[in-house]
C-alpha cells in the first residue's frame with residue numbers, strides 16, 4: 001500500500017508540474033529522490049491495462065499486443081495531430097527501439113546500445129548513458145549496430161549491449177548499478193534485442209548465427225546480475241554432457257559435426273511471458289550455415305532451430321516446442337514477434353499465440369500445448385504449398401531444396417523474410433493483426449567450396465549468383481518485384497482484410513489504438529495513421545528520415561501522445577544495395593518525435609544533399625581479377641557496403657571512395673586505419689593480392705555505374 005501511495009504521489013506531482021519544473025530544488029525533483037523512477041514491479045506489469053497512459057514494457061503488456069487503449073486521438077480528429085517535440089540523436093545508424101514511458105518519463109535506446117531518459121511531455125533530456133561499445137565489434141553484427149529497447153524493474157533499466165553485456169542502470173540518474181558479460185567474447189555474439197523482466201529475472205538472448213555461434217537465452221537476477229539459468233537452443237558437442245534432456249533428444253535431429261560451426265538457433269528477438277500459464281515463449285533463429293549440408297550433411301530437422309519454445313520462467317526447463325521450418329536452409333528465423341491473445345475459434349474460447357515469421361506463414365498455436373490451430377500464407381510463398389494440419393510440418397515444394405547444386409532455386413520469401421523483427425500489433429477492437437509485410441525473393445544457390453571464415457558472413461550461399469544483375473531489363477524486373485505492404489490480417493479466418501501498398505519492403509513496426517487507428521512509419525520518412533477497420537489513410541507527417549522502429553502511445557497530464565524513434569538502417573539498407581536506394585531516404589536524421597493534438601513544433605529544414613560526382617580510376621585489371629574481387633566483395637564487404645558495391649545510404653558507397661586510387665585503400669582494409677569508426681583490419685584473412693582484387697572489382701563497378709548514369713541522362 002505504501003508503495004502504491006508513493007507512486008500516486010509521483011504521478012500527481014508530474015501532472016501538477018507538467019514536467020516543466022527543472023530546478024534541482026523543485027518539489028518534483030524531491031519526489032524523484034523520494035521514489036525511484038521506473039518503479040516497476042510484477043503487479044504493475046500484470047495490471048498494465050489499468051495504466052493505459054504508460055508503456056511499461058516492450059510490447060506495452062505481457063501479451064505484447066502493442067495495442068494502446070487510449071482514444072483521445074481517434075479516427076475523427078487524428079488529422080489535427082501536430083509535432084509536440086523532437087530530440088535529435090547524433091547517431092546516423094539504424095534506430096529500432098521501442099521507447100518505454102513510465103510516469104511521465106520516456107526511456108529509449110539507440111544504435112550502439114546507448115540509453116536516454118527524457119521528459120515525455122517536452123523532450124527535455126534528463127540523462128544519457130553510453131556503454132562505449134568497441135567500434136570494431138560492429139564487424140560481428142549481421143544487421144547494423146542497432147538496439148530494440150530497454151526493460152524496467154524496481155527503479156532500474158536494463159540494456160543489452162552490442163558486445164554482449166547486460167547492464168542495469170539507475171533509472172533516476174542513468175548510472176550503472178551492475179554489469180555482466182552474457183557471452184564468451186572469443187565468439188562473434190551480439191545483442192540487439194530488448195531484455196524482458198519476468199518474476200524478478202532479466203531475460204536476454206543474442207544474435208550471431210551467421211558468425212558461427214550457438215544460441216541460448218539467459219535469465220539473470222534483476223537485483224544482482226547473477227546468472228539464474230540458461231537454456232541452449234541447439235545441442236553442443238555430444239562427447240560432453242548435454243545441458244538438458246531436451247538437448248539430448250534434439251541431438252538426434254543433427255548429423256556430422258555441427259557443433260564445430262556453432263549451429264545457430266539464436267534467440268535474437270522474441271521473448272514473451274504468459275502469466276496465466278506461467279510459460280515463457282522464445283523464438284529461435286536459423287541454423288548456420290544456411291546450406292543445411294554444410295552443418296548437418298545427412299539433413300534432418302536440426303532442432304531447435306526456427307522454432308517456438310515454451311520454457312518454465314523460474315528454471316528455464318523445457319515444456320514444449322513447435323518447429324516451423326524443419327531442416328531450414330533459407331534463413332527462415334522464427335524469432336519474429338509473438339503475440340498472446342484469447343480468441344474464439346469454432347465457438348470455443350482458446351488461449352493462442354500469433355506469429356508471422358520470415359517463412360511467410362501466419363501461425364496460430366495453442367499456447368498451452370504448442371499444437372498448430374492454423375497456418376496460412378500471409379504473403380507470396382513458393383518454397384512450400386502449405387502446412388500439414390495434422391503434423392504441423394510444411395509441405396515443401398520439390399524445387400525448394402537447392403542443396404544438390406545446379407542453378408539454384410529462386411524462392412519467396414527470401415532471407416529478408418515475409419516479415420522479420422518489425423513489430424506487429426493486434427487490436428482486440430477489430431480482431432485484426434497488423435503486419436508490415438516484406439516482398440522480396442532470392443536465388444538460393446550453394447557455394448561450391450565453402451570454408452568457414454572468422455570475419456565473413458558464413459552462409460555457404462553463392463551471393464555472386466544472388467546479386468543484382470546489371471543487365472537493364474533483368475534489373476528493372478527484379479527491382480519492381482521488391483516491395484512491401486501493410487496488411488490487416490484476420491487471424492481466425494486466416495485472410496487479409498485490407499492492405500496499403502509500399503514501394504519498400506522494409507518499413508516501420510505497428511501500433512494500434514483504442515481510437516480505431518493504426519500507426520506506421522515508412523522507409524520514405526513518413527509517420528502515417530489509418531483507420532484500423534478499413535485501412536483509410538487519415539494522417540501523414542514527414543519525419544525526414546526512414547523509419548523502421550514502432551510507434552508507442554502514452555499520456556501525460558491528460559494529453560495523449562504518439563511517439564516514434566526514427567532512423568534509417570538495419571540489414572536491408574546496409575546489404576541490399578539498389579533496392580534500398582529505390583525505397584528509402586538517402587538522408588538519415590536520427591531522432592525521437594512525439595505528436596499530440598494541436599502540436600505546434602516544427603522540424604528544421606533538411607540540409608541540401610547531393611550525390612558526389614563519380615570520378616573513379618580507370619580500370620586496368622583483367623576479367624579474372626575482377627571476377628575474383630566480386631566473389632570476395634560479396635562475401636566480405638556486401639553486408640555493410642551493399643550488394644554489388646552499391647551502398648543503401650547508411651554506410652559509405654565504396655564506388656565513390658577517395659581511397660580507390662591510392663595507398664589509403666591498403667591502410668584502411670589491411671592497416672585498420674578506420675577501426676575507430678568500425679572498419680576493422682582484415683589482415684587476418686585477406687592478403688594484399690585479395691584486397692587488390694576487391695579494389696579492382698569496385699573500380700569496375702564504379703566505371704560501370706558512371707556509364708549507366710551518362711546513358712540515363714541522354
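The values are calculated or read from the model by the stated rules, or taken from the named source; none is laboratory data. Bear in mind that the values here come from a model prediction, so they are computed numbers and not experimental data. Every residue, glycine as well, gets a Cβ built from its backbone with ideal geometry; the counts of neighbours run over all protein chains shown.
In the stretch 578-586, the condition of being in contact with a helix residue (DSSP H, G or I) (Cβ under 8 Å, 6 or more places away or on another chain), more than 18 Å from residue 148 (Cβ to Cβ), at pLDDT below 95 and not in a helix (DSSP H, G or I) is met by at least one residue. From the list 276, 324, the one residue that fits, being under 21 Å from residue 436 (Cβ atoms) and modelled with pLDDT of 95 or more, is 324. Of 192, 173, which residue is within 23 Å of residue 98 (Cβ to Cβ), free of Cβ contacts under 8 Å to residues at least 60 places away in the same chain and out of contact with any helix residue (DSSP H, G or I) (no Cβ under 8 Å at 6 or more places or on another chain)? When all the criteria are applied, what remains is 173. Annotation: of all residues in the stretch 53-89 being under 24 Å from residue 172 (Cβ atoms) and outside any strand (DSSP E or B), the one that is nearest to the chain's Cα centre (by Cα) is 58. Residue under question is residue 701, and the condition is that it be assigned to a helix (DSSP H, G or I) and at pLDDT 90 or above; does it hold? Yes.
Please go through the stretch 650-690 and give me each residue that is buried (at least 17 other Cβ atoms within 10 Å of the Cβ) and closer than 17 Å to residue 138 by Cβ, ordered by number. Passing the criteria: 650, 651, 654, 668, 669, 674, 678, 679, 680, 681, 682. Applying the set (1) buried (at least 24 other Cβ atoms within 10 Å of the Cβ); (2) under 23 Å from the mean Cα position of the chain (by Cα); (3) not in a strand (DSSP E or B) to residue 185 leaves exactly one unmet item: (1). Within the stretch 341-361, the set of residues being under 21 Å from residue 62 (Cα atoms) and within 27 Å of the chain's Cα centre (by Cα) comprises 341, 342, 351, 352, 353, 354, 355, 356, 357. Applying the criterion of at least 1 residues that are more than 30 Å from residue 446 (Cα to Cα) to the strands (runs of 3 or more DSSP E) found wholly in the stretch 338-412 leaves 338-345, 348-355, 361-366, 372-377. Kindly establish whether residue 193 is surrounded by 20 or more Cβ atoms within 10 Å (Cβ to Cβ) and part of a loop (DSSP other than H, G, I, E, B). So residue 193 passes the test. A single member of 536, 544 is farther than 16 Å from residue 437 by Cα and over 23 Å from the mean Cα position of the chain (by Cα), and it is 536.
Only one of the listed residues (517, 574) is crowded, with 24+ Cβ neighbours inside 10 Å and either modelled with pLDDT of 95 or more or touching a strand residue (DSSP E or B) at 6+ places or on another chain (Cβ under 6 Å) (or both). That residue is 517.
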